1. Mind listing just one residue for me: the one in the range A:143-164 that is in a helix (DSSP H, G or I) and within 11 Å of another protein chain (Cβ to nearest Cβ) and, of those, surrounded by the most Cβ atoms within 10 Å (Cβ to Cβ)?
2. Within 30 Å of B:ASP275 (Cα to Cα) and not aliphatic (A, V, I, L, M): is that true of B:SER320 in this structure?
3. List the strands (runs of 3 or more DSSP E) that sit entirely inside the range A:304-359 and contain at least 1 residues that are in contact with a Ser or Thr (Cβ under 8 Å, 6 or more places away or on another chain) and under 14 Å from A:GLY166 (Cβ atoms).
4. Within the range A:116-142, how many residues are buried (at least 20 other Cβ atoms within 10 Å of the Cβ) and in a strand (DSSP E or B)?
5. Of A:LEU9, A:LEU26, which residue is on the phi > 0 side of the Ramachandran plot and touching a residue at least 60 places away in the same chain (Cβ under 8 Å)?
6. Please count how many residues of the range A:32-41 are in contact with a strand residue (DSSP E or B) (Cβ under 8 Å, 6 or more places away or on another chain) and either surrounded by 24 or more Cβ atoms within 10 Å (Cβ to Cβ) or free of Cβ contacts under 8 Å to residues at least 40 places away in the same chain (or both).
7. What are the pairs with Cβ atoms under 7 angstrom where one residue, in the range A:242-258, is at positive phi and within 7 Å of another protein chain (Cβ to nearest Cβ) and the other, located anywhere, is surrounded by fewer than 24 Cβ atoms within 10 Å (Cβ to Cβ) and modelled with pLDDT of 95 or more? Sequence gap at least six, or different chains.
8. Of B:LEU9, B:LEU62, B:LEU26, which residue is surrounded by 20 or more Cβ atoms within 10 Å (Cβ to Cβ) and either of a type outside the set (Phe, Trp, Tyr) or over 20 Å from B:GLY413 (Cα atoms) (or both)?
There are 2 protein chains.
Amino acid sequence: MIKANDPSLHSWIDIAPNNDFPIQNLPFGIFQTPTRDPRVGVAIGEYILDLCVVAQHNLFELIDIDPTVFHKRYLNDFISLGRPVWRAVRNRVSHLLRNDNEEISGNSDMIRECLVLQSEAEMLMPVKVPNYTDFYSSIEHATNVGTMFRDPKNALLPNWKHIPIGYHGRASSIVVSGTPIHRPNGQTKAPDADAPTFGPSRLLDFELEVAFITGRETKLGQSITPDEANEYIFGLVLFNDWSARDMQTWEYVPLGPFLAKSFGSSISPWVVTLDALEPFKVKGPVQDPKPLPYLEFHGNHNYDINLEVLLKPEGGEENSICRSNYKYMYWNMNQQLAHQSSNGCNIQVGDMYASGTISGAEKDSFGSMLELTWRGTNPIQLSDGTERKFINDYDEVIMRGYSERNGIRIGFGEVKGKVLPAL
Amino acid sequence: MIKANDPSLHSWIDIAPNNDFPIQNLPFGIFQTPTRDPRVGVAIGEYILDLCVVAQHNLFELIDIDPTVFHKRYLNDFISLGRPVWRAVRNRVSHLLRNDNEEISGNSDMIRECLVLQSEAEMLMPVKVPNYTDFYSSIEHATNVGTMFRDPKNALLPNWKHIPIGYHGRASSIVVSGTPIHRPNGQTKAPDADAPTFGPSRLLDFELEVAFITGRETKLGQSITPDEANEYIFGLVLFNDWSARDMQTWEYVPLGPFLAKSFGSSISPWVVTLDALEPFKVKGPVQDPKPLPYLEFHGNHNYDINLEVLLKPEGGEENSICRSNYKYMYWNMNQQLAHQSSNGCNIQVGDMYASGTISGAEKDSFGSMLELTWRGTNPIQLSDGTERKFINDYDEVIMRGYSERNGIRIGFGEVKGKVLPAL
């Protein structure tokens, strides 16, 4: 059987070469239109394949699956069926969309029923997120932050190369791409002020991250090894961890970031599966010192995913302000999940585990305004003649990501969000 | 109409004077028995009133409520109906249980159908917890920890008296009383060691806390004032925030506690409503400096709830090791909820907001082993002749709480958990 990510596959749907969603990708999401209530879809070119309709036509009949899992507000029920089922459905969808298959393509009514233009659909949150963790796994980012806020000579804290450092984040305020984000109000204190004040954050930032979504639960007390982790990971999305730097500085000692983060995080709507990303596995950075045995892994678990951040001022054009890559991660996601579960903490279906800001070694690869402008000391010049130290009201922040090799591009689409004034 | 917490009320059910669940209490929970699947119940004396059966007999017919909300695995659907409905149901239950009401008491079949002995029922997690925050709102606890780990002269950090400090916790591992807790494995590093090691925590601790559960959601961007907070709070439970001190010390800088906490937190199964606790409101500690306007409140929002921690070694008897009181809280729960939402973070139904360790001024009122034994330097002597610096395998930790005035005792029951060896 031809694998669903084989470069030789072609679809009967016309797909432009630079499109994020060729037949080798087939990411899952939740969409609705005025005539279709929320349901599971798969992105293909400019279209969405409506899996709810596909199931109604018994086109999944050889897979042992309850068709109602495609007629849901979230992917969680489908995901919880487990990796063999995700794979079977993805393989079947690949088959239906191949240029040699006529089950849908052979009938214009079928095509009309099964395909929806993405431009005519609204994408919704793909999963209900029971738990959200934000890691801190880019050594360049941790070094930059440590250099700015602590001591350049000891920028990395002593635990950093031993522990995939992370913290629990707020699940309720994770929203899908396109949702506007109000500038948060909060406490800040200037270094020379006697007391804090409350008001709109002045130092609003983004953080360029990638998050993985778990598709299999563990019991309390159970742990997962890095080599087992792939069985638990459903797929990945782009993640913007909006951050209010002035609030963060004042609140974060000793219990970590709290309200500086919980006002909103934005994700891309299409969940790209690990299977689609398989050809883009690369070796990660050398880990020295060698991690403790519970964090040891075999094979490659870093992924070559090009990442870009664009800033679009109100009425202006997109300015590319950062180009980074997910392959820079010091701690890979298998290690992150192993660490998360190493104390017996139970994993749930739909959990989101974000990478932490993904910065590279070059200045234009830093994944936050904090680092790009070096705390505002080196503002970014935009094409409309204005400059930015941090994010202004009505600015839109857009993140895009894709892997590419042998002419096959596996894309994530985008996550975007416009900042509105504080309420 | 007589209020449901009027001291003059009596039930047709015999209730011992020291019972936690007189007719003035009426806490909500989820229970099951071999013949009753999970459903909503109200504790009354030694019994549970089965609200599912009460509804089936149309005894809620004057309340505009869908009776199926009582036939659920969690209280969330019931709670989300809002405060007027919680109150109407509680008032109706109070009416049905009064000694002058015969709708149930007048018929032995009805009594048999509606009442279940608590000793014959299993209590389950009362709510599905979408988000969990742990605050740090006892000034005595924060001072003790600051004294031990930082600087006795500057024990309280500069932000503490301005911000109700808190952090996001792990929702998935909150379990109901009686669930055993395995000692977690994790990284620890001795101060004089070159590198960390991985293995069972040696410094396992409890934290005596009270958590409130929200019953009304807000939209992203919306904030709640302290004076509005009562409309959003359904009720309270006892909360044991199990903590691995050696893991915490090594991991918590800079992003806060993570795996030192997420292996498990235990709660009492009965949710005591704010209405039941209304007579026990007391003035809180003076807040100096005056909090910022968004944290200002009117009236009293501290509650006089006696708290006790008992340690029961395997085969031994219960040793009372701590007596504290919820009234010591520096930041009250209305301020906590106002702070949580002040940046626009959305609140969800079933969210759990824990107080942080509740320590008093006296040494026997400290709410953790860390403080009671002062980092192990002053071990606790148990009645079986052994001593404890921290918690041993097979020790059971039990927390109880109640308010009492005018002969009326509003109790929480207990939260208990036995520590099992690391897996």
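1. A:VAL145
2. Yes.
3. Ranges flagged: A:352-354.
4. 6
5. Among A:LEU9, A:LEU26, only A:LEU26 is on the phi > 0 side of the Ramachandran plot and touching a residue at least 60 places away in the same chain (Cβ under 8 Å).
6. Number of matching residues: 3.
7. Here the result reads A:GLY256/B:LEU255, each pair linking the range A:242-258 to a residue that is surrounded by fewer than 24 Cβ atoms within 10 Å (Cβ to Cβ) and modelled with pLDDT of 95 or more.
8. Residue meeting the stated conditions: B:LEU26.
The values are calculated or read from the model by the stated rules, or taken from the named source; none is laboratory data. Keep in mind that this is a model prediction, so the values were computed, not measured. Glycine also receives a Cβ, built like all others from the backbone with ideal geometry; neighbour counts cover every protein chain displayed.
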